[in-house]
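Beneath this line is the structure, given in structure tokens, with notes to follow.
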């Protein structure tokens, strides 16, 4: 797993995807923070996190699209299959490398609450909840993107499909309220990423939310393992 | 021997790993791979002993690559099992794969990595210690002669060098069993010779399974041949045994001083020659004869001596007696046609 993790992390910065992702993420983050907090004289970090998610679901597929698609296209999976390493190790190694790249960008945004603290009081639990929620949420998004990448050899298809699925999971919230009524509506709302993420932005560490994101992540990692195991071809 | 020495020896024998006593490197039992209605490998049974160099032959689509992929754990068999050095590939793939170095037909290389990075990645996958990795990479690079290419990107390498890098990564960690799928495919004659030399040098320390279409290469390197046809194993023996077993028309070619009439008369008197062809030789004053033998040269008395003395007695000296067994190509075509 460690070897795959290091290789993937290095691949992000030899193929430029890592640099492009970090540049775009930090540029948009800086813009949102400047306009939403500094220029509006708003000391609430929630404003930044509420806006950044729509950017994140657009950017995460850029990180995940090549993970397995490229390996399948270049037939390099054959190398991994012939090595003394488990498929679970390969999937988790790739997942953690992608999460690390995301966390690199997120680490830079830790400056924002520090800047806000310079101007006035900042609620520690709200900041912590937002960062914790964001990491849990992105973990689930990466696992979904990883799974979709395992389904196709085409990176563009992987990226577009991932974005569509993440967007749909985000919008399930409003669909549950406006389109589907009653108990089914509540169930649909429960599946929404937004429903569970929102509580973290208020500094509430609801175990249900933690379990939801961790389950979603684990489920799609297991699906990825099953797909890769089933896709062993001659 | 002292009592304590005997005791020590007994203890040391007991603590040796089971693998130490195991001479069978790989066992395939009823190995089958089915894609829909197509059976790519059909109930293959064979055992490969330590130190053997086995050639896997077959026409395109015979199931060689599928078999190799199953042996290396790259694809699971539909039924049957593979045991590598005591470890079952289905039950304990990680342990089984530790003993295998695999070079597929198209070397699986990352174009965006340098040769050094690629080999370092493989060394890490093989769980080599930090201190061991660099020395192991030095060793394999020297072995396949790519030391000067270590900083080059894979995408910049020629087909021949890519093949060598693929070979180097198969050798990392010095696995006991090397499985090489068409290692000389697409190489120029000089590169083919280099690769053949390399394989010959590896014979000492590794058990090797090699598939190739170049039969001369197989016959010069391998001690045993497995021939596949439509997913089935149709022959399993040494090149010599295979030649003898398929020598139905084992023949001798002779050049004899004398007229065709005289030579024919003399050879007709020799017992054990069911078929005889004599024609004029391009060399003036000589005749060329082709003699079919009953049961080949290995059975009973060597008929060459009888023929020699019969001709010598008739003052028709034989200046050449040559066994003309069917070539590997002829046997291959006969078995796979």
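The values are calculated or read from the model by the stated rules, or taken from the named source; none is laboratory data. This one's a predicted model, so the numbers in the text were calculated from it and none came from an experiment. Backbone-built Cβ (ideal geometry, glycine too); neighbour counts: all protein chains shown.
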Query - Among (1) under 18 Å from residue B:312 (Cβ atoms); (2) more than 35 Å from the chain's Cα centre (by Cα); (3) assigned to a loop (DSSP other than H, G, I, E, B), the one test that residue B:282 misses - result: (1)
Report task. Could you tell me whether the range B:239-256 includes any residue that is touching a residue at least 24 places away in the same chain (Cβ under 8 Å), crowded, with 20+ Cβ neighbours inside 10 Å and closer than 28 Å to residue B:69 by Cα? Result -> yes
Report summary line: Across (1) modelled with pLDDT of 95 or more; (2) within 14 Å of chain B (Cβ to nearest Cβ), residue A:99 clears everything bar (2)
**Report entry** Hits in the range B:57-72 - residues which are in contact with a strand residue (DSSP E or B) (Cβ under 7 Å, 6 or more places away or on another chain) and within 13 Å of chain A (Cβ to nearest Cβ)
**Finding:** B:62, B:63, B:64, B:65, B:66, B:67, B:68, B:70, B:71, B:72
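Does the range B:70-78 contain any residue that is within 30 Å of residue B:152 (Cα to Cα), buried (at least 18 other Cβ atoms within 10 Å of the Cβ) and more than 19 Å from the chain's Cα centre (by Cα)?
yes
Does residue B:54 fit the bill of being closer than 28 Å to residue A:76 by Cβ, outside any loop (DSSP other than H, G, I, E, B) and within 14 Å of chain A (Cβ to nearest Cβ)? Break it down into steps so the answer makes sense when it comes.
Values: closer than 28 Å to residue A:76 by Cβ: yes; outside any loop (DSSP other than H, G, I, E, B): yes; within 14 Å of chain A (Cβ to nearest Cβ): no.
Spelling it out, it is not the case that residue B:54 is closer than 28 Å to residue A:76 by Cβ, outside any loop (DSSP other than H, G, I, E, B) and within 14 Å of chain A (Cβ to nearest Cβ).
Please find, among B:276, B:242, B:267, the residue that is part of a strand (DSSP E or B) and either touching a helix residue (DSSP H, G or I) at 6+ places or on another chain (Cβ under 9 Å) or closer than 30 Å to residue B:191 by Cα (or both).
On the way: B:242 fails: part of a strand (DSSP E or B); B:267 fails: part of a strand (DSSP E or B).
Just a single option satisfies the conditions, and that option is B:276.
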Report task. Confirm whether residue A:36 is away from chain B (no Cβ under 14 Å) and in contact with a helix residue (DSSP H, G or I) (Cβ under 8 Å, 6 or more places away or on another chain). Result -> yes
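Could you grab me the full set of residues in the range B:37-51 that are more than 14 Å from chain A (Cβ to nearest Cβ) and either assigned to a strand (DSSP E or B) or at pLDDT 90 or above (or both)?
Keep residues of the range B:37-51 that are more than 14 Å from chain A (Cβ to nearest Cβ), which gives B:37, B:42-51.
Across the range B:37-51, the qualifying residues are B:42, B:43, B:44, B:45, B:46, B:47, B:48, B:49.
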Query raised in the report: In the range B:169-188, is there at least one residue being surrounded by fewer than 18 Cβ atoms within 10 Å (Cβ to Cβ), out of contact with any helix residue (DSSP H, G or I) (no Cβ under 9 Å at 6 or more places or on another chain) and within 14 Å of another protein chain (Cβ to nearest Cβ)?
Result: no
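Of everything in the range A:147-156 that's touching a helix residue (DSSP H, G or I) at 6+ places or on another chain (Cβ under 8 Å) and over 13 Å from residue A:227 (Cβ atoms), which residue is surrounded by the fewest Cβ atoms within 10 Å (Cβ to Cβ)? Steps first, answer last, please.
We begin by selecting, within the range A:147-156, every residue touching a helix residue (DSSP H, G or I) at 6+ places or on another chain (Cβ under 8 Å); these are A:147-155.
In the following step, the residues that additionally are over 13 Å from residue A:227 (Cβ atoms) were identified as A:154-155.
Numbers: A:154: 15, A:155: 19.
Looking at residues that are touching a helix residue (DSSP H, G or I) at 6+ places or on another chain (Cβ under 8 Å) and over 13 Å from residue A:227 (Cβ atoms), I get A:154.
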**Report entry** Where a residue in the range A:5-29 is more than 10 Å from chain B (Cβ to nearest Cβ) and its partner, wherever it lies, is surrounded by 16 or more Cβ atoms within 10 Å (Cβ to Cβ) and not in a helix (DSSP H, G or I), with Cβ under 6 Å and at least six apart
**Finding:** A:29/A:109
Query raised in the report: Does residue A:86 count as within 14 Å of chain B (Cβ to nearest Cβ), more than 15 Å from the chain's Cα centre (by Cα), at pLDDT 90 or above and surrounded by 21 or more Cβ atoms within 10 Å (Cβ to Cβ)?
Result: no
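Would you be able to say whether some residue in the range A:90-105 is free of Cβ contacts under 8 Å to residues at least 12 places away in the same chain, over 14 Å from the mean Cα position of the chain (by Cα) and more than 18 Å from residue A:15 (Cβ to Cβ)?
The initial filter retains those residues of the range A:90-105 that are free of Cβ contacts under 8 Å to residues at least 12 places away in the same chain, namely none.
Looking for residues that are free of Cβ contacts under 8 Å to residues at least 12 places away in the same chain, over 14 Å from the mean Cα position of the chain (by Cα) and more than 18 Å from residue A:15 (Cβ to Cβ), one finds none in the range A:90-105, hence no.
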Query raised in the report: Which residues, counting only those in the range A:195-225, are in a helix (DSSP H, G or I), closer than 18 Å to residue A:128 by Cα and without any contact (Cβ under 8 Å) to a residue 12 or more places away in the chain?
Result: A:198, A:207, A:211
Query raised in the report: Of the residues in the range A:110-125, how many are touching a residue at least 24 places away in the same chain (Cβ under 8 Å) and either surrounded by fewer than 19 Cβ atoms within 10 Å (Cβ to Cβ) or at positive phi (or both)?
Result: 7
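Kindly indicate which of B:47, B:67, B:23, B:72 is in contact (Cβ under 8 Å) with a residue 60 or more places away in the chain and farther than 23 Å from residue B:334 by Cβ. Talk me through it step by step, then tell me what you get.
Details: B:47 fails: in contact (Cβ under 8 Å) with a residue 60 or more places away in the chain; B:67 fails: farther than 23 Å from residue B:334 by Cβ; B:23 fails: in contact (Cβ under 8 Å) with a residue 60 or more places away in the chain.
B:72 is the lone residue from the list that is in contact (Cβ under 8 Å) with a residue 60 or more places away in the chain and farther than 23 Å from residue B:334 by Cβ.
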Requested in this report: Considering (1) within 14 Å of chain B (Cβ to nearest Cβ); (2) without any contact (Cβ under 8 Å) to a residue 60 or more places away in the chain; (3) in a helix (DSSP H, G or I), say which one residue A:183 fails and leave the rest.
Outcome: (1)
Report summary line: Expected single match for surrounded by fewer than 15 Cβ atoms within 10 Å (Cβ to Cβ) and within 30 Å of residue B:176 (Cα to Cα) among B:226, B:200, B:215 is B:200
Query raised in the report: Across the range A:68-79, what is the total count of residues that are buried (at least 23 other Cβ atoms within 10 Å of the Cβ) and either within 11 Å of another protein chain (Cβ to nearest Cβ) or touching a strand residue (DSSP E or B) at 6+ places or on another chain (Cβ under 6 Å) (or both)?
Result: 2
